[in-house]
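The values are calculated or read from the model by the stated rules, or taken from the named source; none is laboratory data. Because the structure is a prediction, the values reported are computed rather than measured. When we count neighbours, we look across all protein chains shown, and the Cβ atoms used for this are built from the backbone with ideal geometry, even at glycine. Ligands, DNA and RNA are excluded from the accessible area calculation, which covers all protein heavy atoms including side chains. Shrake-Rupley method; radii C 1.70, N 1.55, O 1.52, S 1.80 Å.
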Amino acid sequence: MEKNNFSIIGAGITGLISAFILKKYKKKVKVFEISNKPGGIINDVPIEKNDGLLSGCQFFPRDSFWIKMLPLKVRNNLVEQNFYSYCFCDLFNKRKKFIKNYPDIFTDYKLDLSKFKKIKKPKNLTEKINLYPKKISNPLMKWVKRFKINTNELMTDSHRQGLMFSRLYPIQNKQEIYIKKKESIFFNDIYGLPNYKNTKIFFKGLMPKNGFQSFFELIKEDLQKKGTIFKFLSPVKINYKDNKFSIMSKGIDYSKENILWTGNPVPLIINYNRKKLDSVNFKIRIINFELKKKFKNPFYVQIFSKKSSVCRIFLYRKMKKYYACVECFDEREKVSDILKFSNKLLKKHFNLSLNSKPLVDKVRKRYSLLTKQDFKTIKSFKINTIKTNLISYPWEIYSREGKLEEVKKKLHKFL
């Protein structure tokens, strides 16, 4: 095996930044991608030949370590903006709630904290949800079932992975809950209280000037200048033999490579131990509208509603135009009903409204949820392949930044 040769499977943001790290140390890098362009799940939804709109609430944290690694030309394509966040929730009471600057669930119930003297560690997501009082857990469970997932099989921390309800905040009992959070790690996990002394009115993030598609093309071009070889429309087959992995693409065998597999790990793990993963990719409907009025700063509204399939609205600007990306449950709700609900919310609180004709209406696999069995399978797979040419990848970590931090640590051991 050639120590300086690396094959990266997947040209998403993790694969591209990994290539930057490796090229910094003069390594030979090939990037294999099954589609015809870089970017992965973050990439825009195409509307024209060379244009697209957001595939969800997408932006980069300003303080991401990898931003500094990008060349000046690529960094100059990013614009720093103040992002505002809001929450709308009508799950727990008749009176609709709309909260500014804190993007999670609120309820004004007074809790009986005497019931929380002892909290046993939950075994799955269902038990996690049932740690809440019934008047909260019952409507919350109904809302979660709309994702068509089996909560009995999911890891307890799946509540953070796209479901967005890890920080239930009762307006009453604040001081008592702060004490409880210090006493119990599990109580701390299910009840998150914002510290308003430190809560900013907005947070700073970065977005590409001309969309993610052009941003990823700039990254690809820079990596190519540094000698990185991209192989698009190149599905990869993986083989394991004699304690070594090898990949084959379009009839060519790449057997002398270190391999970083940043894509779907199912083919990799099946080939190794013939065990299929069963984790859930739940579907989200993505609809982009143009706005009738301008707004100063981008913002998003996290929505927990029993009356609409809409679960998030992200307002953003691209090429001097103003858009809203509306994320919905895949429930085949009429566009006219989605538009009516969204406009009612935006008009009331922001004096904004959407154009009636959607520019994009697509269903995408937006998030992944890890089952308990898959977590064990991935953990075992990593342990058993630690001495092979496969670079262990953090598939089980949900956040993009968490993945990139972990990959950076892994790659430095090879440099």
Filter segment 388-415 down to residues that are open to solvent by 30 Å² or more (accessible area, probe 1.4 Å) and either of a type in the set (D, E, K, R) or part of a helix (DSSP H, G or I) (or both), then give me how many there are.
11
If we keep only residues of segment 358-387 that are assigned to a strand (DSSP E or B) and touching a Ser or Thr at 6+ places or on another chain (Cβ under 9 Å), then the residue farthest from ARG312 (Cα to Cα) is THR371
Can you tell me which residues in segment 343-360 are surrounded by 15 or more Cβ atoms within 10 Å (Cβ to Cβ) and in contact with a helix residue (DSSP H, G or I) (Cβ under 7 Å, 6 or more places away or on another chain)?
LEU352, SER353, LEU354, PRO358
Pairs needed: first member in segment 201-213, farther than 17 Å from ASN82 by Cβ; second member anywhere, of a type in the set (A, V, I, L, M) and open to solvent by less than 60 Å² (accessible area, probe 1.4 Å); C-beta distance under 9 Å; at least 6 residues apart or different chains.
GLY211/LEU53; GLY211/LEU54; PHE212/ILE42; PHE212/LEU54
Working carefully through the options ASP44, ASP51, ASP63, find the one that is among the charged types (D, E, K, R) and in contact with a Gly (Cβ under 6 Å, 6 or more places away or on another chain).
ASP44
Can you spot a residue in segment 4-15 that is over 21 Å from the mean Cα position of the chain (by Cα), open to solvent by 10 Å² or more (accessible area, probe 1.4 Å) and closer than 27 Å to TYR240 by Cα?
yes
Whether any residue in segment 320-330 is surrounded by fewer than 21 Cβ atoms within 10 Å (Cβ to Cβ) and more than 19 Å from ASP51 (Cβ to Cβ) is what I want to check.
yes
When segment 18-48 is checked residue by residue, the ones that are farther than 30 Å from LEU359 by Cβ and not in a loop (DSSP other than H, G, I, E, B) are SER18, ALA19, PHE20, ILE21, LEU22, LYS23, LYS24, LYS28, VAL29, LYS30, VAL31, PHE32
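Please go through segment 121-156 and give me each residue that is among the charged types (D, E, K, R) and without any contact (Cβ under 8 Å) to a residue 12 or more places away in the chain, ordered by number.
Within segment 121-156, LYS134, LYS145 meet the criteria.
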